[in-house]
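After the structure tokens below, expect a handful of questions from me.
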Amino acid sequence: MSVLGEREQTAGASRASLEQLARQWEGLAPQAILVEAVRAFGQQLVLATALGPESIVLVDMLVRIWPQPQAFFLDTGLHFPETLALKDRLLERYPQLQLQVVKPLLSVEEQQVRYGERLFEHRPDQCCAMRKVEPLNRVLAPYKAWITGMRREQSPSRAEAGVVQWDSSRGMVKFNPLAFWSHKQVWSYIAEHDLPYNPLHDQGYPSIGCSPACCTAPVAVGADPRSGRWQGKSKTECGLHL
């Protein structure tokens, strides 16, 4: 596992070594991957949670192996009330969770004054860059590794995600312990452990982001789970995982 702790290495070497490790870990239980992540990085590791079902599962798994797991939530200022209520429910259930709430440099009102109203509709990439990507890069700066809830079946852009990989954009290790899990496996875990989740999932929202309708909308049964994100636009990702 020494490759995980090697900080002074080239990006190319990091990528190659982690790709090999990802192949070795393919099919390993997510809990086992998390154990290795915590063992290798400890306080230099953090979980990213947007309070989706995958990250709720990961929180539950982490608290079983890490006394005070570290996590962060990007509060864009545009979340659904149900999402913010879920954050409070999660902290009530897991008081040991060290959850950092990270906000953009500009409030929604300040952004509107500077860039105009409904930027999320007219220039969604710029809006995501300011309200998600910049805060993400800022909060990750002190860490050497992070954990995400990415799964391959979520979208074509995530189809090649490894259970562990090199995040070349930020020069750090990225763990995706649920990469090979199915939608059914995620929800089976939630049901088995009676975990809290966003009630919007029961109202046709398989993927939940910001609350403007152009950013998050319900989808038809059987449709692409992420088809409700940025409807009518070619945009498919907010930029956090690019």
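What number of residues in the stretch 115-140 are modelled with pLDDT of 95 or more and open to solvent by 90 Å² or more (accessible area, probe 1.4 Å)?
Residues in the stretch 115-140 being modelled with pLDDT of 95 or more and open to solvent by 90 Å² or more (accessible area, probe 1.4 Å): 1 in total.
Which one of these is part of a helix (DSSP H, G or I) and either surrounded by fewer than 22 Cβ atoms within 10 Å (Cβ to Cβ) or touching a helix residue (DSSP H, G or I) at 6+ places or on another chain (Cβ under 7 Å) (or both): Leu62, Leu28?
Of Leu62, Leu28, the one residue that is part of a helix (DSSP H, G or I) and either surrounded by fewer than 22 Cβ atoms within 10 Å (Cβ to Cβ) or touching a helix residue (DSSP H, G or I) at 6+ places or on another chain (Cβ under 7 Å) (or both) is Leu62.
Sticking with this structure for a sec: So for the stretch 169-183 (the condition being within 26 Å of Met130 (Cα to Cα) and modelled with pLDDT under 90), does at least one residue qualify?
Taking every residue of the stretch 169-183 in turn, at least one turns out to be within 26 Å of Met130 (Cα to Cα) and modelled with pLDDT under 90.
Would you call Ser211 among the small types (Gly, Ala, Ser), at pLDDT below 75 and farther than 29 Å from Ile33 by Cβ?
Taking the combined requirement at face value, the residue does not satisfy it.
Would you pick out the residues in the stretch 139-160 that are assigned to a loop (DSSP other than H, G, I, E, B), touching a residue at least 40 places away in the same chain (Cβ under 8 Å) and within 24 Å of Gln185 (Cβ to Cβ)?
Within the stretch 139-160, Thr148, Gly149, Met150, Arg151, Ser155 qualify.
So which of Val219, Val163 ends up being touching a residue at least 24 places away in the same chain (Cβ under 8 Å) and not basic (Lys, Arg)?
None of the other options fit; the residue is Val163.
Before we move on, is Arg151 closer than 26 Å to Gln31 by Cα, of a type in the set (Lys, Arg) and modelled with pLDDT under 85?
no
Okay, next question. Among the candidates Leu51, Leu47, single out the residue that is in a strand (DSSP E or B) and surrounded by 13 or more Cβ atoms within 10 Å (Cβ to Cβ).
Leu47
The values are calculated or read from the model by the stated rules, or taken from the named source; none is laboratory data. These numbers were taken from a predicted model, which means no experiment stands behind them. Note: ideal-geometry Cβ built from the backbone for every residue, glycine included; neighbour counts use all protein chains shown. For the accessible areas, the whole protein counts, side chains as well, though only heavy atoms, and no ligand, DNA or RNA atoms are used. Shrake-Rupley method; radii C 1.70, N 1.55, O 1.52, S 1.80 Å.
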